[in-house]
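Here, each number is a calculation from the coordinates, and none is a lab measurement. For clarity, every value in this text was computed on a predicted model and none was experimentally measured. FYI the Cβ positions are ideal-geometry reconstructions off the backbone, even for glycines, and counts take in every protein chain you see.
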Amino acid sequence: MADIHSKELVRISGGQRISDYDTYINGYKYRFAKAMENGITNNILMRFFERLHNDSISSERGIYNLIQNKNQDDEQTYYGQFHVLFKKEQGEWKILMNYDSTEGNTIGEDDYKKAFGIEEFDTFIKNKRILF
């Protein structure tokens, strides 16, 4: 996770708090270790309703589906909206800004299904949602 994020990262979590790179990555490492220790698994899927980019900046917005303990008795599913900005740094894409929110718990499976899969590029090209 640390390698895919810019050192200039701005992380806005749940629409409630803002973190910098060090705070976010250290918190992520802690949460990951605790999940491993407690046998908690996390699977995240993303679908998109906006994908824009030029040669140095990319913006992707969509809906995520987070499943904890998939196929277990204590499985839990969460949905939220995300907005991620990428910046090309020394030839590599890095996450510059990562925002997510449940929008007051109003995001759900219907929103997820309405968005487009990661491989559905034609939707964005035909609708001119990708900038070159």
Run the numbers on the chain and let me know its relative contact order in percent, using alpha-carbon pairs under 8 Å that are six or more apart.
-> 27
Under a plain spin-label model, where a point goes 7 Å from the Cα along Cα-to-Cβ, how far apart in nm are Q76 and T41?
-> 1.7
Identify which of Q16, Q90, Q68 has the largest mean-square fluctuation in a Gaussian network model of the chain, with springs joining Cα atoms closer than 10 Å.
-> Q90
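Counting other Cβ atoms within 10 Å, which GluC sites (Glu not before Pro) in segment 1-80 have at most 10 and lie in a DSSP loop?
Of the GluC sites (Glu not before Pro), not one in the loops of segment 1-80 has a Cβ with at most 10 other Cβ atoms within 10 Å.
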Say each of T106 and R31 gets a label point 7 Å from the Cα, pointing the same way as Cα to Cβ; how far apart are those two points in nm?
-> 2.3
Would you work out the charge dipole size for the chain about its Cα centre, treating the Cβ of every Lys and Arg as +1 and the Cβ of every Asp and Glu as -1, and quote it to the nearest 20 debye?
-> 320
In deg cm²/dmol and to the nearest 500, what is the mean residue ellipticity at 222 nm of the chain if only DSSP H runs of at least 4 residues count, each as -39500 (n - 2.57), divided by the residue total?
-> -6500 deg cm²/dmol
Hand me the trypsin sites (Lys or Arg not before Pro) from segment 1-99 located in a DSSP loop with no more than 16 other Cβ atoms within 10 Å, in residue order please.
-> K70
Cross-link table K34/K88; K7/K88; K29/K94; K34/K70, entries beyond 22 Å C-alpha to C-alpha = K34/K88
